[in-house]
Amino acid sequence: MSTVLNGIGYQLVWFAAVLGAARGLVAWGLAAAALFGVLHLATSARRSEDARLALLAAVLGSVLDGGLSLSGLVEYRATASPWPPAWLLAIWAAFGLTVNHSFAWSQRHLAATAAVGALGGPLAYLAAARLGAISVLTPTAYGVMALAVAWSVALPLLAAVARSRRHLPCRRPGGMPA
């Protein structure tokens, strides 16, 4: 699967899962993630590594989103449990399939990855809330800051694990290896 199709596929999973959850149709996100996973893994030269990253991302997402729910920052639609619902873990697993492909640059630029997480994480939650899939119970500066901190740690962590498996050097902001 090309890098562009990998990125588009992930975005389609995100929208299917979020819109499906908002409408009580959780199967949308699960089916989209399953289809993306099958297509991606069928065409990937790093099938085993990608599958492990998808699993790791789902575990990381369970911890991160479970913590956000237990702390009272977010509430997920289509579940009575404080733990993240299946549709959200499907998004995380699909994201794991991007780390060696459309999000591969993140492995070399961990500081930039942290910045993307700090900005993109809260934006994704606010978008999901606007679409009706979640409720951000603390949409204050504190809540957004907590989301930013969580994501600025989670994304580089996932990228660093992928990088360590590939033995890539990290780049400093000036372009020099660390």
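Model label sites at SER62 and ARG46, defined 7 Å from Cα along the beta-carbon direction, differ in position by 2.3 nm. Screening the chain for whole DSSP H helices of 24 Å or more along their axis (Cα) with average Kyte-Doolittle hydropathy at least 0.0 returns 3-22, 26-43, 47-70, 110-131, 141-166.
Based on Cα contacts under 8 Å between residues 6+ apart, the chain shows a relative contact order of 27 percent.
Run the helix sum for the chain: -39,500 (n - 2.57) per DSSP H stretch of 4+ residues, divided by residue count, reported at 222 nm to the nearest 500 deg cm²/dmol. Numbers along the way, then the final one.
Values: 6 runs with 121 residues, N = 178.
After summing the helix terms and dividing by the residues of the chain, the value is -23500 deg cm²/dmol.
Stokes-Einstein diffusion for region 6-84 at 4 °C, viscosity 1.567 mPa s, with a Kirkwood radius from C-alpha pairs, works out to 95 µm²/s.
Would you tally the net charge around ALA128, using a Cβ to Cβ cut-off of less than 12 Å, leaving ALA128 out, and scoring K and R as +1, D and E as -1?
Values: positive: ARG77, ARG130; negative: ASP65, GLU75.
It works out to a net charge of 0.
Evaluating 6.51 cos²θ - 1.76 cosθ + 1.60 at θ = phi - 60° for every residue in region 99-104, the Karplus couplings come out as 4, 9, 10, 5, 10, 4 Hz, glycine and proline recorded as x. Summarising the amide proton neighbourhood of THR79: residues at separation of 5 or more, or on other chains, whose placed amide H is nearer than 5 Å comprise an empty set. Charging the Cβ of each Asp and Glu at -1 and of each Lys and Arg at +1, and nothing else, the dipole of the chain about its Cα centre rounds to 480 debye.
Out of PRO84, ALA114, SER44, whose Cα points farthest toward the positive end of the dipole of the chain (charges: +1 Lys, Arg; -1 Asp, Glu; placed on Cβ)? So the residue furthest toward the plus end is SER44. Given a Förster radius of 25 Å and the C-beta distance between LEU55 and ALA127 as r, what FRET efficiency does 1/(1 + (r/R0)^6) yield to the nearest 0.05? Result of the calculation: an efficiency of 0.45.
Counting Cα-Cα pairs of the chain in 10 Å increments starting at 0 gives whole-percent bin shares of 11, 38, 36, 14, 1.
All of the numbers you see were taken from the coordinates with simple rules; none came from a lab. Computed from a predicted structure; not experimentally measured. Please note: Cβ atoms are built from the backbone with ideal geometry, for glycine as well, and neighbour counts cover all protein chains shown.
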